[in-house]
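The structure appears right after this line, and notes come after that.
The values are calculated or read from the model by the stated rules, or taken from the named source; none is laboratory data. Note that this is a predicted model, so its numbers are computed, not measured. Don't worry about glycine lacking a Cβ; one is built from the backbone with ideal geometry, like all the others, and counts go over all protein chains shown.
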Amino acid sequence: MKNRKLQIGVMGSAADLKYSKDIEQIALEVGRLIAKSGNITIYGAEKDYDSLSTAAARGAKEENGITVGITYDKGKEIWDQENNTDVIICTGMGRGGGREFVLVNSCDAIITISGGSGTLTEIAIAYQANIPIIAITGTDGWSDKLANEFLDSRKRVLVTAAKTPQEAVDTCLEILNKK
């Protein structure tokens, strides 16, 4: 992995979960830090509304980072009015119906922020695939509920807790550089 840029996914709540501006700022900062580290931000590109994932892409672009948006259904029209996406991958699959497999399996690690049912699905996919998972605590949702936990008795991947965006990105890079 050291010969290529790492592909770090940022997963989190969609706007319909009504997260706060403070939580959105955490996502922006995660994207900025991934870009500053010289790596790629992978995110779930939405077609109809904002999310913490898309906020991370905005943050990455603020630092001239590379972003890859993986969207459901067909067509490259995504909720991205500021052109924050360098590459759009259309899965042709529905939201909750397969897009998450492509999204997570395109990542070397994922960082979660808050999160509803979609984020829970993404965490489970990462767990099954032995992809490192870092959950930012204090953001509510599944990130808080699963931090420092294994999803089952197999103990494949610990959902590693981080308190800040900097700790999340540093922990992610540390885990990936040991591989």
Taking the stretch 127-150 and keeping residues over 21 Å from Leu52 (Cβ atoms) and assigned to a loop (DSSP other than H, G, I, E, B) leaves Ala129, Asn130, Phe150
What's the total number of residues in the stretch 38-67 that are out of contact with any helix residue (DSSP H, G or I) (no Cβ under 8 Å at 6 or more places or on another chain), modelled with pLDDT of 90 or more and surrounded by fewer than 21 Cβ atoms within 10 Å (Cβ to Cβ)? 1
Quick one: which of Ile125, Ile113, Ile131 is on the phi < 0 side of the Ramachandran plot, within 13 Å of the chain's Cα centre (by Cα) and either surrounded by 24 or more Cβ atoms within 10 Å (Cβ to Cβ) or hydroxyl-bearing (Ser, Thr, Tyr) (or both)? Ile113
For Pro165, which of the numbered conditions (1) closer than 24 Å to Gly94 by Cα; (2) touching a Lys or Arg at 6+ places or on another chain (Cβ under 9 Å); (3) surrounded by 22 or more Cβ atoms within 10 Å (Cβ to Cβ); (4) modelled with pLDDT of 95 or more fails to hold? (1)
Return the residues of the stretch 78-89 that are at pLDDT 85 or above and out of contact with any helix residue (DSSP H, G or I) (no Cβ under 9 Å at 6 or more places or on another chain); say none if nothing qualifies. Val87, Ile88
